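Trainee: Sending over a structure as structure tokens; questions will come in a sec.
The values are calculated or read from the model by the stated rules, or taken from the named source; none is laboratory data. Just so it is clear, the structure is predicted and the values come from calculations on it, not from any experiment. Here the Cβ positions follow ideal geometry from the backbone for every residue, glycine too, while neighbour counts run over all protein chains shown. In case anyone asks, the SASA skips ligands and DNA or RNA and just uses the protein heavy atoms, side chains included. Shrake-Rupley method; radii C 1.70, N 1.55, O 1.52, S 1.80 Å.
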Amino acid sequence: MTMTVRLVMIGAAMSLAAAVPAQDRRVVTKTLVVSEAQKECISLNNKQRLLYKFRADGPVSFKLSHLDEREVIDLKRDATGSASGSFAPRASGDHCLVWTNTGKRSVTLRYEFQRGSQ
């Protein structure tokens, strides 16, 4: 009986892992010099959500935006060292995450993001 429960749990875990392809998850560590920006874009449809988190060892400005004839900022944080969240777009399109070093020295930024279902 215990072996059956383990197999069921392993099968469930594998199904969850298959729901979000591993190649869709990005993890990056980058050093940003003063005023340098890092940009990552991902295509999302209105049935998906963007899962993200980041940590920096100094202040960065963070925004999540998309283009709709002009730039539309969906989320913005100034002078922050970390954030995480989930974003559900209203319409399909390319959405970009941008981090800008706003401090007076280089910062190391570690971020990850991936598509998920709503």
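Trainee: Under a 1.4 angstrom probe, counting protein chains only, how are HIS95, HIS66 ranked by accessible area, largest first?
Mentor: My answer, sorted largest first, is HIS66, HIS95.
Trainee: Going by Cα centres, the range 92-118 and the range 52-89 are how many Å apart?
Mentor: First find each Cα centre; the distance between them is then 6 Å.
Trainee: Each label point is 7 Å from the Cα along the Cα-to-Cβ direction; what then is the distance between the points at SER82 and ARG115, in nm?
Mentor: Each label point lies 7 Å from its Cα, and together they span 2.9 nm.
Trainee: For LYS53, list the lysines whose Cα falls under 22 Å from its own Cα; do not include residues on the same chain fewer than 8 positions away.
Mentor: Reachable lysines: LYS30, LYS39, LYS63, LYS76.
Trainee: Once the whole set of protein chains is in place, how much accessible area is left on LYS39, using a 1.4 Å probe, in Å² to the nearest 10?
Mentor: 130
Trainee: Within 15 Å, Cβ to Cβ, of LEU64, how many net charges do the neighbouring residues add up to if Lys/Arg are +1 and Asp/Glu are -1?
Mentor: Working: positive: ARG26, LYS39, ARG49, LYS53, LYS63, LYS76, ARG77, ARG90, ARG115; negative: GLU40, ASP68, GLU71, ASP74, ASP78, ASP94, GLU112.
It works out to a net charge of +2.
Trainee: Give me a comma-separated list of calculated 3J(HN,Hα) values for the range 38-49, in order, Karplus coefficients 6.51, -1.76, 1.60 applied at θ = phi - 60°, integers in Hz, x for any Gly or Pro.
Mentor: Result, ordered by residue: 10, 10, 10, 10, 9, 7, 10, 9, 6, 10, 10, 9 Hz.
Trainee: If I stretch the segment between THR29 and LYS104 completely, what's the gain in nm (0.36 nm per residue apart, minus their alpha carbon distance), one decimal?
Mentor: 25.1 nm
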